[in-house]
Amino acid sequence: MNKIEIIPAILVDDFEELQDKIELIKLNTKRIQIDICDGQFTPSATWPYRKPDNNFEMLIREDQSLPGWEKIDYEFDLMLNKPEEVVDDWVSVGATRIVLHAESKGDIKAAIEKLQGRVEIGLALNIDTPISMINDAITNNQIQFVQLMGIDHIGFQGQDFDAKVLEKIQEVKKLYPDIPVSIDGGVSLETAQDLIDAGADRLVIGSAILNAESPLNALEEFQSL
């Protein structure tokens, strides 16, 4: 069985767009990552911070569910400041994995403590952030995976791939061979095999799937790697 996990990534302005994009791929995937940007840690905001609506509050209260929640595991990439103030909400929404960003402002340790034993926790590193920034979290078993960004500017899809991430994957695997490594940003059919060869365990893919003429066919191509 192929050990590479392919995770489609969705970045949207509003809940209606989220539903539409999930509908395109939900039949062919068991997991979807939803990118969440607050417009502070990132230059622009996405749902639910771009256009606040009742859907988010309804999801928190469990009066509404994410599409296909019975068969799809959702992970949320929280590109935002002060994650400790909102992680409980994202668990209530239905997260099975949550990605925190090591460079974000706020109390990352408190956010991790709140999530312990509730979801799978990942820490993301920007392309130029040293691995040493998350050494303690890994060695103390506070996180279950690392997400390395393969682009220079987070919060946008469709950016050029930064090959520096290949060496970074190898560095993480040399130091921590047992921790899963996700790659987010710049993943395409042209870059995927290099990432796999470098040691990546999971490929998070946005525009190369969702902007394809047939998202389902594009997803199947990645799944066949």
Positive end of the charge dipole of the chain (Lys, Arg +1 and Asp, Glu -1 on Cβ, about the Cα centre): tell me which of Leu123, Asn28, Asn141 has its Cα farthest that way.
Asn141
For the chain, list the DSSP H helices whose alpha carbon atoms reach 15 Å or more along the long axis and whose average Kyte-Doolittle value is -1.0 or above?
15-25, 164-175
Within the range 71-111, report the GluC sites (Glu not before Pro) that DSSP leaves as loop and that have at most 14 other Cβ atoms within 10 Å.
none
So which of Lys30/Lys51; Lys21/Lys174; Lys3/Lys105; Lys105/Lys164 end up more than 31 Å apart, counting from Cα to Cα?
Lys21/Lys174; Lys3/Lys105
Report the net charge of residues surrounding Gln157, where surrounding means a beta-carbon distance below 11 angstrom and charges are Lys +1, Arg +1, Asp -1, Glu -1.
-2
In nm², what is the average projected area of the convex hull enclosing the Cα atoms of the chain?
11.4
When the dipole is taken about the Cα centre of the chain, and only Lys, Arg (+1) and Asp, Glu (-1) are charged at their Cβ, what size is it in debye, to the nearest 20?
520
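Since every read-out is calculated from the coordinates, none of them should be taken as a lab result. Remember, it's a predicted structure, so these values are computed and weren't measured experimentally. A quick note on method: Cβ atoms are made from the backbone with ideal geometry, for glycine too, and the neighbour counts reach across all protein chains shown.
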